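To keep things clear, I will list the structure first and then write my remarks on it.
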Amino acid sequence: MPKRILILGGGTGGVVSALFLSEQVRGFGFDAEITLVNKDEWHYMPPLWMDVALEGIPLDETRAPIRNLEKYGVRVVVDEAVKIDPANRRVSLAGGDSLEYDYLIVALGSRNGWEAYPGLAEAGYHNYDPEGAVEFNKALREFPGGRVVILVPEMPYRCGTYPMEFATVLGYRLATRGINPDITLVVPMAPNGATPVEGLGPDIAKLWLKYFEKYNVKVIPHKGFERVDPGRNVVVTKNNEIPYDLLVKVPPLRLPKVLEDPEFVYPDDNRFTKSRAPDFRHPDYDDIFMIGEHAMEPTGLSTAGVFIHVAAHRASSEILYELGGSYPPEKVPPVACVAYSGDKGFLGVCEIEYDTSQGKYTWRKCYNALESGMIKLVKRAFYQGWLNRLRF
Ligand SMILES: Cc1cc2nc3c(=O)[nH]c(=O)nc-3n(C[C@H](O)[C@H](O)[C@H](O)COP(=O)(O)OP(=O)(O)OC[C@H]3O[C@@H](n4cnc5c(N)ncnc54)[C@H](O)[C@@H]3O)c2cc1C
């Protein structure tokens, strides 16, 4: 009987796993079948929602039909996973079916927890889902100028570089429309005084500060976000009240409902699931791999697609090795990411290693390897090339 590999989620982690596994299963002739469950018809590339908001690109450029994975030999089920039963190796779906597995890969992203703070759901704009990005673009087109506040309520949030990227590209965009940028980043401050601006180390912070000066971006650290008061257009934190004309908000990261189950919730932080470094297995079930954004905290990695990509490779290669693969599981390599910075882009590299004494991945250093207008094109080209694998 073929080994049944079931993947939950058709985003970054799910699709990277499905394509890698299907290629290797076919290449080595393993007796295995791969099924992927996604709750809607699309595979999205979330970073492109920033381009929808800021540049007005159409939503169709941010997505591809998930069912086209079938061309690679992956069975696709469009349905919502509502219950995972690890003891019986079974997943129940909203449509009434259930699927059994020998290996399970869980990559369900995270939920936008707007309800976590008063006023946050009602006020402001965001591009953390496709509909939000379209609405945001409309608001920006009509924005006559004034103070833009970019609010990060808490750490960690989806994609560490996002607020800085967004602030600098917005500054550039406003300046090209003849509007003097007036942008304030309201961000959490760690007990040691650090903010997300320094999150990837001094080299990348230096780059952000250069663009902050160019596009008039100020930083106000907060010691705890409390609420937004949409009636008065102010953000209220423990140490400040900050007025805004346009509010841009980053969502508090919360677990997808199906993972709000004691079998899966990480006891140290209930915004995340359990996951065991270095191989991303569930600590209690060796046949389950927890690789999505929801699983990054306990492994020491970060909530960004580039880390989910390497987690997907590591987990998939563990499965392939157990199926009889001829090479050992992949180690996590230095992680490179391309990001926008104002009118340009840069290539950031983070060196990461597994620390056996802590049982976690630790960060050695991050640096800016190349800054150029070309990187902006490379970022766009990479995403479109990736989506083109699912466009026929
Ligand atoms: C605006 C923005 C900008 C970003 N920029 C970058 C960047 O520049 N670089 C970078 O590395 N990362 C970036 N990220 C982060 C990156 O997109 C995510 O970290 C990554 O997509 C997470 O991968 P995932 O597979 O865990 O989840 P996702 O890619 O979010 O996919 C989850 C999938 O699971 C499906 N799903 C959810 N629940 C269920 C269920 N119960 N049943 C079935 N299916 C379900 C969803 O429909 C979705 O298809 C950005 C994110 C955003 C929002």
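Derivation of every value follows stated rules applied to the coordinates shown; laboratory data play no part. These numbers come from a predicted model, not from an experiment. Here the Cβ positions follow ideal geometry from the backbone for every residue, glycine too, while neighbour counts run over all protein chains shown.
Under the shape rule built on the C-alpha gyration tensor, where the axes satisfy a ≥ b ≥ c, segment 55-146 is oblate, since a/c reaches at least 1.5 while a/b does not exceed b/c.
Using the structure shown, list the pairs from Lys71/Lys360; Lys138/Lys344; Lys257/Lys344; Lys71/Lys365; Lys223/Lys379; Lys39/Lys206 with a Cα-Cα distance above 30 Å, or answer none.
Values: Lys71/Lys360 37 Å; Lys138/Lys344 24 Å; Lys257/Lys344 38 Å; Lys71/Lys365 40 Å; Lys223/Lys379 34 Å; Lys39/Lys206 41 Å.
In this structure, Lys71/Lys360; Lys257/Lys344; Lys71/Lys365; Lys223/Lys379; Lys39/Lys206 lie more than 30 Å apart at Cα.
Taking 0.36 nm per residue of sequence separation and subtracting the Cα-Cα distance, how much length would be gained by fully extending the chain between Lys71 and Glu330, in nm to one decimal?
Values: separation 259, 0.36 × 259 = 93.24 nm, distance 2.58 nm.
Answer, rounded to one decimal: 90.7 nm.
Between Gln384 and Leu59, the simple label model (points 7 Å from Cα in the Cβ direction) yields a spacing of 2.1 nm. Computed from Cα atoms, the angle from the helix 130-142 axis to the main principal axis of the chain rounds to 20 degrees. Each Cα pair under 8 Å and six or more residues apart adds its separation to the average, and for the chain the resulting relative contact order is 18 percent.
For segment 211-312, applying the loop criterion from DSSP together with a ceiling of 16 other beta carbons within 10 Å to the trypsin sites (Lys or Arg not before Pro) yields Lys223, Arg232, Lys238. Select from Ala336, Ala190, Ala107 the residue whose mean-square fluctuation is largest in a Gaussian network model of the chain (Cα-Cα springs shorter than 10 Å). Maximum among the listed residues: Ala190.
Considering Cα pairs under 8 angstrom that are at least six residues apart, work out the relative contact order of segment 115-253 and quote it in whole percent.
On the way: 233 pairs, mean separation 49.9, N = 139.
It rounds to 36 percent for segment 115-253.
Across segment 310-315, rounded Karplus estimates of 3J(HN,Hα) from the backbone phi angles (6.51 cos²θ - 1.76 cosθ + 1.60, θ = phi - 60°) give 6, 5, 5, 5, 5, 5 Hz, Gly and Pro being marked x. To check you understand DSSP bridge types, tell me what percent of the beta bridges within the chain (both residues inside) are antiparallel, rounded to 5. Antiparallel: roughly 55 percent of the beta bridges in the chain. Extension gain, Arg147 to Asp269, is 40.5 nm, computed as 0.36 nm per intervening residue step minus the present C-alpha separation. Among the cysteines of the chain, those whose beta-carbon sits 4.7 Å or more from every other cysteine beta-carbon are Cys159, Cys337. The 3J(HN,Hα) values that the Karplus relation (6.51, -1.76, 1.60; θ = phi - 60°) gives for segment 78-94 are, in residue order, 8, 6, 9, 6, 10, 7, 10, 10, x, 5, 9, 6, 9, 10, 9, 10, 4 Hz. Gly and Pro appear as x. Taking segment 286-315 and a reference point 7 angstrom along Cα→Cβ of Thr362, the backbone N atoms nearer than 20 Å belong to 296-303.
The modelled label-to-label distance between Asp97 and Asp85, using points 7 Å beyond Cα along the C-beta direction, is 1.7 nm. Could you let me know the centre-to-centre spacing of segment 244-312 and segment 85-123, using Cα atoms, in angstrom? Between the Cα centres of segment 244-312 and segment 85-123 lies a distance of 12 Å. Relative contact order of segment 109-181: 20 percent, from C-alpha pairs under 8 Å at least 6 residues apart in sequence. Sites counted here are GluC sites (Glu not before Pro) in a DSSP loop (not H, G, I, E or B) having no more than 14 other Cβ atoms within 10 Å; the longest part of the chain that contains none of them is 123-259. When only alpha carbons of segment 115-253 are considered, Rg and Dmax amount to 14.2, 40 Å.
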